[in-house]
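For reference, the structure discussed in these notes is given below.
What follows is calculated from the coordinates using simple rules that are stated; it is not laboratory data. Nothing here was measured: the structure is a model prediction, and the numbers come from that model. Cβ sites come from the backbone with ideal geometry, for glycine too, and all protein chains shown count toward neighbours.
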């Protein structure tokens, strides 16, 4: 994927109980179908006595690949409601598993759909969401006399600094979003009167926390 996208910040786990059935929601960031299957198996191993392990996942740019599994619950009452929650958050590269310990009371199709939707929602809330932004590492060597001005500019702009090395000159490594590369190279040249040595490092993804995405 080359464009920015929303996904989960980290693994998330949350649970609740309704009519004596315990539901445990788990989410994780995944990059492909194999990772989804591995995460589902991990959940089964973690909760081996559960009755159901329903799941939903979305992968790829624009959420092009998606799947839902009811795992022996009535058709359409588990996986699809969970998938709808993921789609509603506008996220991709995510897998959600809902583990159910059956409590002996039937919830009905409507009750099941609400329970599984809620399970997915609280798991996402526990994880939090981030905007993943493509960026590039910039490696800059400059004289000490210019470092204070560049450091101020970087900190004011909220640019993540990866490393600073002090030798005969200052070498600083930081991350710049792709669309801002030209502007920052121009800024560096202006601050250092064109004397800085600028090199390109490795491409990376920056995680920007998102707020206000909780549905419940």
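Report, to the nearest 10°, how far helix 79-89 tilts away from the longest principal axis of the Cα atoms in the chain, using its own Cα long axis and a range of 0 to 90°.
For helix 79-89, the angle is close to 30 degrees.
Can you tell me the 0 to 90 degree angle between the C-alpha axis of helix 181-191 and the longest principal axis of the chain, rounded to 10?
It is inclined by approximately 30 degrees.
So, in Å, what gap is there between the alpha-carbon centers of the range 1-49 and the range 128-164?
One Cα centre to the other: 34 Å.
Once volume of the Cα convex hull per residue in Å³ is worked out from the coordinates, which option in [x] 179; [y] 130; [z] 167 does it equal?
Comparing each candidate, only [y] matches the computed number.
Using a cut-off of under 14 Å, list every residue of the range 76-101 whose amide N is near the label point 7 Å from the Cα of residue 65 along the Cα-to-beta-carbon line.
Output list for this probe position: 92-95.
Work out how much length residue 41 to residue 114 would gain on full extension: take 0.36 nm times their residue separation and subtract the Cα-Cα distance, in nm to one decimal. Working shown, then result.
On the way: separation 73, 0.36 × 73 = 26.28 nm, distance 2.44 nm.
Full-extension gain reported as 23.8 nm.
Taking only Cα atoms, what is the 0 to 90° angle, nearest 10, from helix 33-46's long axis to the longest principal axis of the chain?
Rounded to the nearest ten degrees, it is 60.
For residue 105 and residue 31, what does the FRET efficiency come to when R0 = 25 Å and r is the distance between their Cβ atoms, rounded to the nearest 0.05?
For R0 = 25 Å, the calculated efficiency reads 0.05.
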